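Since every read-out is calculated from the coordinates, none of them should be taken as a lab result. None of these values were measured; they are calculated from a predicted model. So basically every Cβ, Gly included, is an ideal-geometry build from the backbone, and we count neighbours across all protein chains shown.
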Amino acid sequence: MASATADGPDERPLGDLDDELIGLDPDDPETKAFAEHLNRMKRQPPNLTIEGSLAGVEQFADSANRAGGLRRQLAVVVVGLILLGVAVSVWYYLGDLITVFFG
C-alpha cells in the first residue's frame, strides 16, 4: 500500500518545512516558491566571515534577479552607486599615492 506522506527526497518540499506546509500541494509552483522563501528566511549564515559576506552578496544578487520592474532598477542603481563610490575612493587614493611618491 502506498504511503500518504512523501518518502523520497525529491517529493518533499525544500528544507524542514513540513509543519508550515501542511495541507498545501507540494507540486504547486507557488508552494515551492513559498518553501524556498521560508528556507531563505530560516538560514542564518555567519556574517563575520568572508564566506558570510559573500553569501550576503549572493542573496542580494539572487533577490535582485528575482525582482522585476522598479525594484530591479533600484537594485541596479544601488549597485552602480556602490561601484561609483569605490571607483572615486580608489581614484583619490591613487592620486594621494602619486603625490606622495612622485610629487
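Using the Cβ-Cβ distance between Asp19 and Arg40 with R0 set to 22 Å, the FRET efficiency works out to roughly 0.80. Each of Leu94, Leu21 was scored by other Cβ atoms within 10 Å of its Cβ. Arranged with the fewest first, they read Leu94, Leu21.
Where the alpha-carbon atoms of the range 44-102 are placed on the principal axes, they occupy 48, 30, 10 Å, in descending order. Sequentially through the range 87-103, phi angles give Karplus couplings (6.51, -1.76, 1.60; θ = phi - 60°) of 5, 5, 4, 5, 4, 5, 5, 5, x, 5, 5, 5, 5, 5, 7, 10, x Hz, Gly and Pro residues having no value and appearing as x. Once the chain from Ile98 to Val78 is taken as fully extended at 0.36 nm per residue, the excess over their C-alpha distance is 4.2 nm.
Neighbour counts of other Cβ atoms within 10 Å put Thr31, Thr49 in the fewest-to-most order Thr49, Thr31.
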